[in-house]
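Report on the following structure.
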Amino acid sequence: MINSLEFQRHGDKQNSAFFEDYLSRLLQERDASGLTEKIHDIDAIMITVDPGHSIRYVGELCLMTPYHYLVTLESESHWTHILRVDMNAPDFIVREVKDASTRGIFRSLNEVYPIGASKPNSRYMGEILRVEDLHGVVECQKTRGFRFFSQDQTRKLELPGNLAISKPSPYTHNIVAYMERAVSDPRIYALGLSNIRNDVQEIYLAAKELQKQLEIDDLILPIDHLATRVYCQNREVAILEWLSLSSYFYWGSYDIKDQNSSTNVTKSVRQADEMRSPAKVFTANNTPWFVNHLVNLPSPTETFVRNYGPRLHHIALAVRDGGRHGQENIEYVVAQIAEQGRDFLLDVIGSKEQGLKQIFSSASEHSSLIIEYVQRFGDFDGFFAKENVAELTHAAGAEEELIELQAQSESDGQ
């Protein structure tokens, strides 16, 4: 039996007695119930964008990532594009709402937040986890209090009918879905009519040809980690909830005092290689927004959540270790993509001595998500240097302040 508590703890963040107590109890119970054995790794991630944005977003992803366009599934009110690297990495599922007036639970999660409401259908939805006993996993999770959409609700939401989908988390606003699939079986999403759209294929092929011309097609690797931002009071419960729904373990937390926040990492119990099942990272303020006028500390994480809602902030991709044309691979990749007009929030930061280099792109106009590139040197197995995280968080916060001011200006002008 897998022991989810046997992994080495990292970090310097002090957790509450509540967290430490329930972390141990929940993981022991999860292991004993058989859920840890039954729930495998992340098979796919799901994103929805507003009408007219999915094709350009596919093109953006195919240039900035190793993903390839596979197929489009058409249902009554959505286009769903499937992107894939191979069966060893999670799929990228990009959904587009056909009609801007379409309403539903996922749109409602955006509309109560000032910047989230400006792109009402654009949001990261969550992860699909592979299981080999769908009924057994769902029934066990139901006994633990988790709730799932009914088959009729799944059909009305136009999500794949072969998924069991949890109700959105009150802490992250993400869903977790389970798909029954043997490891040797293909990934198939039961949704609508399947075809290869010429317009999507054209923009995909152009992106991949450009990657080759730029000599970056062999340097960008699959997803390394997924970083969600939550309110400070929800940090510990968001981590515990994810660990209850998945077969991940708690890797550790670091206090980023310069930015008044913490970075908290969970990893798959099965995979030492994050590219086979990305790490899940949770970032939260150390203090809530309503005391900030008393302490006057930086608050980029809490400000982001107040503007967008709890949600995924960035997707990190690994960059192959090594160099090209006299530059480290990450610097070469960034320089080549920047020449195509994509902005980055700062220069590449970090060093070989620290063990890694990192950088954030600007937020995508289609999904509001940031792409992070990470190059590790040698056998470094961490996710960041504390100095790097402080700089990245500050840079993202500065961009988000500009977006907030622009949104306010547009609102005042109406």
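Computed from the coordinates by the stated procedures, all read-outs in this text should not be read as laboratory data. Just so it is clear, the model here is predicted, and its values are computed rather than measured. All Cβ positions, glycine included, derive from the backbone under ideal geometry; neighbour counts span all protein chains shown.
Values computed for the structure shown
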item: Shape call, the chain: gyration tensor on alpha carbons, a/c limit 1.5; result: rounded
item: Nearest-20 debye value, segment 158-300 charge dipole, Cβ charges on Lys, Arg, Asp, Glu; result: 420 debye
item: Quotient of C-alpha Rg and 2.2 N^0.38 Å, computed over segment 96-164; result: 1.33
item: Net charge of Cβ neighbours under 12 Å - reference Phe92; Lys, Arg +1; Asp, Glu -1; result: -1
item: Placed amide H near Arg324: partners under 5 Å, 5+ positions off or other chain; result: Asn329
item: Proximal charge balance of Ser351 [Cβ under 13 Å; K/R count +1, D/E count -1]; result: -3
item: Rounded FRET efficiency, nearest 0.05, which uses the C-beta distance separating Val291 from Ser16 and R0 of 25 Å; result: 0.90
item: Kirkwood hydrodynamic radius of segment 38-211, from inverse mean 1/r over distinct Cα pairs, in Å; result: 16.8 Å
item: In order through segment 147-163: 3J(HN,Hα) via Karplus (6.51 cos²θ - 1.76 cosθ + 1.60), integer Hz, x for Gly, Pro; result: 10, 10, 5, 6, 4, 5, 5, 4, 5, 5, 7, 6, 10, x, x, 8, 10
item: Lys pairs, segment 38-211 - Cα-Cα below 22 angstrom, 8 or more residues apart or on other chains; result: 9
item: Whether segment 151-237 is rounded, prolate or oblate, judged on the alpha carbon gyration tensor where a/c under 1.5 counts as rounded; result: oblate
item: Residues whose placed amide H lies under 5 Å from that of Ser122, excluding near-sequence neighbours; result: Asp50
item: Calculated [θ] (222 nm, deg cm²/dmol) that DSSP helices of n ≥ 4 give over the chain, each run adding -39,500 (n - 2.57); result: -10000 deg cm²/dmol
item: Interchain or long-range residues, amide H under 5 Å from Ser261's placed H; result: Ile256, Asn286
item: Förster radius 25 Å - calculated FRET efficiency between Met1 and Glu139 (Cβ-Cβ, nearest 0.05); result: 0.80
item: Contact order normalised by residue count of the chain, Cα under 8 Å, 6+ apart, percent; result: 18 percent
item: Listed residues Phe18, Phe360, Phe282, most fluctuating in the chain (Gaussian network, C-alpha, under 10 Å); result: Phe18
item: Residue-wise HN-Hα coupling along segment 191-196, computed from phi with Karplus coefficients 6.51, -1.76, 1.60 (Hz; x: Gly, Pro); result: 7, x, 8, 9, 7, 9
item: Pairwise label distance in nanometres, Asp152 with Arg103, each label 7 Å out on the Cα-Cβ vector; result: 2.0 nm
item: Phi-based couplings in Hz for segment 108-114 (Karplus 6.51, -1.76, 1.60; Gly and Pro marked x); result: 4, 5, 8, 6, 8, 10, x
item: Residue-span extension gain [Ser33 to Asp343] - 0.36 nm each, minus C-alpha spacing; result: 106.9 nm
item: Magnitude of the charge dipole, segment 38-211, Cβ model with Lys/Arg +1 and Asp/Glu -1, debye to 20; result: 520 debye
item: Local electrostatic count at Lys280 - Lys and Arg +1, Asp and Glu -1, tallied over other residues with Cβ under 9 Å; result: 0
